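Report on the structure given below.
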Amino acid sequence: MEKTTLGPQALLYPMPAALIGAQVDGKPNYMTAAWCAIAALKPPSVAVAIRRSRYTLKGVREQGTFSVNVPSSTMAKEADYCGLYSGKNRDKSRLFTAFYGELKTAPLITECPLNLECKAIHFLDLGSHTLVAGEIMQTYISGDCLTDGNVDPGRIDPLIFISGASKYHRLGDEIAPAFAIGKD
Ligand SMILES: Cc1cc2nc3c(=O)[nH]c(=O)nc-3n(C[C@H](O)[C@H](O)[C@H](O)COP(=O)(O)O)c2cc1C
């Protein structure tokens with residue numbers, strides 16, 4: 001297969017459309033982040049790439065806490081809004097119903113089916129963005145996203161971001177069992 005070079009690009013598929021919550025200037029603020037991923041299992045950790053100019057980053061640095069909230073596909077409009085407008089000039093604090101967990105200063109979004117409450121543990125300057133590593137201190141899941149007591153991703157129905165095309169998607173079909181099909 002012939003390949004075409006594109007130059008260095010921040011291209012990876014798919015990406016989440018997570019909502020990062022932080023307490024900034026005494027109020028909850030939320031920004032959309034596609035550059036967000038699980039980074040370690042022990043301790044459970046996430047990494048989020050946040051541009052230095054983001055209002056959210058100010059709160060993460062000041063409080064040392066933040067939240068990662070997974071919106072369902074029905075929340076595309078709200079997620080896009082949080083990615084279009086900065087809390088510097090728009091009050092996003094009442095867009096969602098915030099709740100607080102054990103860390104007390106990381107606003108979590110009730111309307112999002114999955115929430116990770118995080119303590120910021122590292123800030124790594126990577127140029128345009130700061131990679132914020134956070135230890136997940138608590139995980140919250142909406143009751144209706146459990147099937148037989150287990151997390152059911154189909155019920156979470158996570159919002160997915162497709163970069164390049166700049167579109168939101170939802171989960172597609174199941175293809176095969178993981179950690180299994182490769183054995184055949
Ligand atoms: C789909 C989508 C994904 C985004 N991903 C990121 C990201 O990973 N990192 C980042 O710094 N900004 C990202 N942004 C941009 C911020 O969400 C946006 O600048 C936002 O207004 C910042 O809000 P704040 O200034 O209140 O923190 C994304 C925006 C959209 C719409």
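The values are calculated or read from the model by the stated rules, or taken from the named source; none is laboratory data. Predicted model only: the values in this text are computed from it and were never measured. When we count neighbours, we look across all protein chains shown, and the Cβ atoms used for this are built from the backbone with ideal geometry, even at glycine. The area values use the complete protein model at the heavy-atom level, side chains included, leaving out ligands, DNA and RNA. Shrake-Rupley method; radii C 1.70, N 1.55, O 1.52, S 1.80 Å.
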Of every hundred units of 1.4 Å-probe accessible area on region 15-174, the number belonging to carbon and sulfur atoms, as a percent, is 53 percent
Can you give me the long-range amide H partners of ARG54? Hydrogens built in the peptide plane at 1.01 Å from N, cutoff under 5 Å, separation of 5 or more residues or another chain.
none
Within region 166-184: backbone nitrogen closer than 19 Å to the THR147 label point (7 Å, Cα to C-beta):
170-181
The lysines whose Cα lies under 29 Å from the Cα of LYS58, excluding any fewer than 8 residues away in the same chain, are LYS27, LYS42, LYS77, LYS88, LYS92, LYS104, LYS119, LYS167
Rounded to whole Å², per residue accessible area for the chain with a 1.4 Å probe reads 60 Å²
Residues in region 169-184, backbone N under 16 Å from the label point at LEU41 (7 Å along the Cα-to-beta-carbon vector): list them, ranges by number please.
178-180
Cα gyration tensor shape of region 49-158, rounded if a/c is under 1.5, else prolate or oblate by comparing a/b with b/c
prolate
Tell me which residues come under 5 Å, amide H to amide H, from SER45 once H is placed; ignore anything under 5 positions away on its chain.
ALA39, ALA40, ILE136
When each pair of different Cα atoms in the chain is counted once in the 1/r mean, what is the Kirkwood radius in angstroms, to one decimal?
17.3 Å
Enclosed volume per residue, in Å³, of the convex hull spanned by Cα atoms of region 54-109
84 Å³
PHE123 - accessible surface, heavy atoms, 1.4 Å probe, Å² rounded to 10:
80 Å²
Whole-Hz ³J(HN,Hα) from phi, Karplus 6.51 cos²θ - 1.76 cosθ + 1.60, for region 92-106, glycine and proline x
9, 5, 10, 5, 10, 8, 7, 10, 10, x, 5, 7, 6, 10, 9
Mark the label point 7 Å from the Cα of PHE99 along Cα→Cβ and return the residues of region 40-69 whose backbone N is within less than 18 Å of it.
66-69
